[in-house]
Amino acid sequence: MVINRFQFLRVVFLLVLCAGVSLINVKGPVFHNVTWKQSNNPYNVVGDFQIPIGVTLTIKAGTRVVFNMDFRLLIVGKLKIEGSLKNPVKFFGNVTNGGPMIVFQSTNLSESSISYCNFYGPKPALQINQGDPATGTLNANFIFINNSAISNYYGGQSSIAISVNNSVLLQSDVTRGLILITNSDITSSTIDQNAICNLTNCKIKSSTISNGYSGFNEASTVIWKSILTQCTVNVQQNTIVIEESNLTDVFVGGDGAFILRKSSANGLTISFAWSHVELTSCKIINKKNETMVMGWVNVSCCDIQGNKQNTGIIVNGLLFNLDDTQTIVNSSFYNFAIGIQVSASEGPITIANNNLYQNSKYNLYNKYGYNIVATNNWWGTSNPNKIKKKIYDYYEDILTGKVLFNPFLQNKNPNVKCLQ
Ligand SMILES: *[C@@H]1O[C@H](CO)[C@@H](O)[C@H](O)[C@H]1NC(C)=O
Ligand SMILES: *[C@@H]1O[C@H](CO)[C@@H](O)[C@H](O)[C@H]1NC(C)=O
Ligand SMILES: *[C@@H]1O[C@H](CO)[C@@H](O)[C@H](O)[C@H]1NC(C)=O
Ligand SMILES: *[C@@H]1O[C@H](CO)[C@@H](O)[C@H](O)[C@H]1NC(C)=O
Ligand SMILES: *[C@@H]1O[C@H](CO)[C@@H](O)[C@H](O)[C@H]1NC(C)=O
Ligand SMILES: *[C@@H]1O[C@H](CO)[C@@H](O)[C@H](O)[C@H]1NC(C)=O
Ligand SMILES: *[C@@H]1O[C@H](CO)[C@@H](O)[C@H](O)[C@H]1NC(C)=O
Ligand SMILES: *[C@@H]1O[C@H](CO)[C@@H](O)[C@H](O)[C@H]1NC(C)=O
Ligand SMILES: *[C@@H]1O[C@H](CO)[C@@H](O)[C@H](O)[C@H]1NC(C)=O
Ligand SMILES: *[C@@H]1O[C@H](CO)[C@@H](O)[C@H](O)[C@H]1NC(C)=O
C-alpha cells in the first residue's frame, strides 16, 4: 500500500495523540546554545540533559518540561528560564524518590537565572551540587514550587547560593545550605535543619522551620519582617532569630537558642527546658493557656499577658556557662495564674524594673533553694504584706529560697516600652 503525504502526517498525528507525548525527547550533553520554546511542547527529558561550560540553555515562556523518568538538567554552563506572568515555564517531575530536576555544578550561579517558573513534584526542583564549588548567587524570581524541594549542597560558602524572591513554596522542603527567601509565601512546607535560611518579608503558614547542624558554626536561621501562623520552630542546634515579625500560634522547641525581638505574638509556646531564650521588645498574648519554659532567660522590655490559668514563664536555669547572667527586666507579666516561676537556677538571676501584677495566684514563684533578688519591681500595690501574699518562697516552704523584693517600686514602671 502506498501512503501519501497526507495519510503519513495523519498517522504521525494519531501516534502522537495516542502516546500523549511529543516528539521532542531531550537527553545527553549539548555543545551548542539551545532554546526551548512553547511551540515544541512538551520537552520530555529522557536522559541526563547536560549543559557544559560555555553553553547556554534558554527556556522561553510557556515551555513545558516533563520528567517521567528520574533524569535531570545538569547545568555547568548557563540556564536562563524566561517565563512570564501570564505564561510561566512549567516543570513536571512526577517521579517519587527521584533526584532534582535542575542541578547546578561548578558554575557561576550569577550567570543563570530563573523567572516565572512553576515546578510540580514530587521530584525536587533545584539543587546546587557539591564538588567543585559553584560561585555567585542563583536568582529565582516568581517561582512556584508545589510538592517539591530546593537544596543547596554547595557546602562551606559564606554567601547566599540561591535567592528566591516573590515566590510560592507549597508543600515543599528547603533541605540544605544558605538560602535567602524574600517576599514569598511558604505554606505547609519545611525548612529543614540543614538549611540556614534568611526568610525576609515572608508569609509562613502551617510550616516547620528547623535549625541544626549545618557545618557552619553558630549559624542561624533568621526570620525578619514576616508573618508566621501555626508554625513550629524547631531549634535543634545553634540559633533561630525572629525579628520584627507577627506570630500567631507558634510552637518553639528544641535544644538550641531562640531569639525573638521587636515582634508580637498571639499564642507563643516555648518548650525549651535546657536552652537559651531572649525576648526583647515583644508583646506576647498567651490566652490559650500557653506557657513559655526556658533553660536560660533574657527578657527585656516585653509586655506578656495570660488567661489567668497559665504561667507566664518558667525558668529552669540550666546554664551552659555559669558566668551567664539571667535577667528579666523592664517587662510586664499580668493576667496569669503565676507570672514568673523560677524552678532552678545555677547562677544569679536578676528580676528588676518589671511590673508583676494581676496574677491570680503568685506574681513570682520561687521553687528552688536559693534566694532571688527581685528588687525595684512594681507588684500592683505598695503594701508589703500584700506583695508577700503574691510571692511564693521560703515563707511558704522552708526548702525554697527567699525572694528579696525590698525596695520595690511605688508605681507601675512607666519605662516598660514594649514594641519599640
Ligand atoms: C552561546 O551564546 C553566547 C552569547 O549569548 C556566546 O558567548 C557563546 O559563545 C555561545 N556558545 C556557543 C557554544 O555557541
Ligand atoms: C504521576 O505518575 C503516576 C504513575 O507513576 C500516575 O498514576 C499519575 O497520574 C501521574 N500524575 C500526574 C499528575 O501526571
Ligand atoms: C559571576 O558572574 C557575575 C555576573 O556575570 C560576575 O559579576 C562575577 O564576577 C562572576 N564571578 C566569578 C567568580 O567569575
Ligand atoms: C499541589 O500539589 C498537590 C499534589 O501534589 C495537588 O493536589 C494540588 O492541587 C497542587 N496545588 C496547586 C496550587 O498546584
Ligand atoms: C525582589 O524583587 C523586588 C521586585 O519585585 C526587588 O525590588 C527586590 O530587590 C528583590 N529582592 C531580592 C532579594 O532579589
Ligand atoms: C536577610 O535578607 C535581607 C534581604 O536581603 C537583608 O536585608 C538582611 O540583612 C538579611 N539578614 C541577615 C541577618 O543576613
Ligand atoms: C505586624 O503587626 C503590626 C500591627 O498590626 C503591623 O504594623 C506590622 O506591619 C506587622 N508586621 C508584619 C511583618 O506584617
Ligand atoms: C540580653 O539581650 C539583650 C538584647 O539583645 C543583650 O543586649 C544582652 O547582652 C543580653 N544579655 C545577656 C546576658 O546575654
Ligand atoms: C492551663 O494550664 C495550667 C498549667 O499551666 C493548668 O493547670 C490548667 O489546667 C490549664 N487550663 C486549661 C483550661 O487547660
Ligand atoms: C530598662 O529601662 C531603663 C529605663 O528606661 C533603661 O535605662 C535600661 O537601659 C533598660 N534596661 C534594659 C536591659 O532594657
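For residues that are within 11 Å of ligand 9 (Cβ to nearest atom) and on the phi < 0 side of the Ramachandran plot, tally how many sit in region 288-312. Give the derivation first.
Of all residues in region 288-312, those within 11 Å of ligand 9 (Cβ to nearest atom) come to 288-293, 306-312.
From the residues that got through so far, the ones that are on the phi < 0 side of the Ramachandran plot too are 288, 290-293, 306-307, 309-312.
Residues that pass the stated criteria total 11.
Would a scan of region 238-260 turn up a residue that is among the polar types (S, T, N, Q) and either within 27 Å of Tyr153 (Cα to Cα) or at pLDDT below 95 (or both)?
First pass over region 238-260, keeping only residues among the polar types (S, T, N, Q): 238-239, 245-246, 248.
Imposing the further condition that a residue be either within 27 Å of Tyr153 (Cα to Cα) or at pLDDT below 95 (or both) reduces the set to 238-239.
Taking every residue of region 238-260 in turn, at least one turns out to be among the polar types (S, T, N, Q) and either within 27 Å of Tyr153 (Cα to Cα) or at pLDDT below 95 (or both).
Go through region 252-266 and report how many residues are under 15 Å from Ile209 (Cα atoms) and crowded, with 17+ Cβ neighbours inside 10 Å.
8
Looking only at region 224-251, filter to residues that are more than 11 Å from ligand 7 (Cβ to nearest atom) and outside any strand (DSSP E or B); which one of those is surrounded by the fewest Cβ atoms within 10 Å (Cβ to Cβ)?
Top of the filtered list is Gln236.
Among (1) within 21 Å of Asn310 (Cβ to Cβ); (2) of a type in the set (S, T, N, Q); (3) in contact (Cβ under 8 Å) with a residue 24 or more places away in the chain, where does Thr208 come up short?
For Thr208, the failing item is (1).
Report, by residue number, each residue of region 327-369 that is closer than 13 Å to Val315 by Cβ and aliphatic (A, V, I, L, M).
Ile328, Ile338, Ile340, Val342, Ala344, Ile349, Ile351, Leu364
Name every residue in region 105-120 that is within 16 Å of ligand 4 (Cβ to nearest atom) and polar (S, T, N, Q), in order of residue number.
In the first step, residues of region 105-120 are kept if they are within 16 Å of ligand 4 (Cβ to nearest atom); the result is 116-120.
Correct list: Asn118 only.
Can you tell me which condition Val299 does not meet? The list is (1) at pLDDT 95 or above; (2) within 16 Å of ligand 10 (Cβ to nearest atom); (3) surrounded by fewer than 23 Cβ atoms within 10 Å (Cβ to Cβ), and all the others hold.
(3)
Would you say Thr269 is in the same structural domain as Trp379 (by TED's automatic domain parsing), surrounded by fewer than 22 Cβ atoms within 10 Å (Cβ to Cβ), more than 16 Å from ligand 8 (Cβ to nearest atom) and under 17 Å from the mean Cα position of the chain (by Cα)? Even if it seems obvious, please write down each step before you answer.
On the way: in the same structural domain as Trp379 (by TED's automatic domain parsing): yes; surrounded by fewer than 22 Cβ atoms within 10 Å (Cβ to Cβ): yes; more than 16 Å from ligand 8 (Cβ to nearest atom): yes; under 17 Å from the mean Cα position of the chain (by Cα): yes.
Spelling it out, Thr269 is indeed in the same structural domain as Trp379 (by TED's automatic domain parsing), surrounded by fewer than 22 Cβ atoms within 10 Å (Cβ to Cβ), more than 16 Å from ligand 8 (Cβ to nearest atom) and under 17 Å from the mean Cα position of the chain (by Cα).
Please go through region 52-86 and give me each residue that is out of contact with any strand residue (DSSP E or B) (no Cβ under 8 Å at 6 or more places or on another chain), within 16 Å of ligand 3 (Cβ to nearest atom) and either in contact (Cβ under 8 Å) with a residue 60 or more places away in the chain or not small (Gly, Ala, Ser) (or both), ordered by number.
Just the residues of region 52-86 that are out of contact with any strand residue (DSSP E or B) (no Cβ under 8 Å at 6 or more places or on another chain), to begin with: 53-54, 70, 86.
Subsequent filtering for residues that are within 16 Å of ligand 3 (Cβ to nearest atom) retains 53-54.
Of everything in region 52-86, just one residue is out of contact with any strand residue (DSSP E or B) (no Cβ under 8 Å at 6 or more places or on another chain), within 16 Å of ligand 3 (Cβ to nearest atom) and either in contact (Cβ under 8 Å) with a residue 60 or more places away in the chain or not small (Gly, Ala, Ser) (or both), namely Ile53.
Based on what the data block shows, is Gly369 modelled with pLDDT under 95 and of a type in the set (Gly, Ala, Ser)?
On the way: modelled with pLDDT under 95: yes; of a type in the set (Gly, Ala, Ser): yes.
The answer is yes for Gly369.
Being within 15 Å of Ile143 (Cβ to Cβ) and part of a loop (DSSP other than H, G, I, E, B) is the filter here; which residues of region 50-99 pass it?
Once the filter is applied, which keeps residues that are within 15 Å of Ile143 (Cβ to Cβ) and part of a loop (DSSP other than H, G, I, E, B), region 50-99 yields Ala61, Thr63, Gly83, Ser84, Leu85, Asn87, Pro88.
I'd like the full set of residues that are charged (D, E, K, R) and surrounded by fewer than 24 Cβ atoms within 10 Å (Cβ to Cβ), limited to region 99-137. Break it down into steps so the answer makes sense when it comes.
From region 99-137, those charged (D, E, K, R) are 111, 123, 132; that's our starting set.
Result: Glu111, Asp132.
What's the number of the only condition in (1) within 16 Å of ligand 1 (Cβ to nearest atom); (2) modelled with pLDDT under 95 that Gln50 fails to meet?
Condition (2) is where Gln50 drops out.
The values are calculated or read from the model by the stated rules, or taken from the named source; none is laboratory data. Model, not experiment: these values are computed from the prediction. Counting neighbours? That spans all protein chains shown, and the Cβs are built from the backbone with ideal geometry, glycine included.
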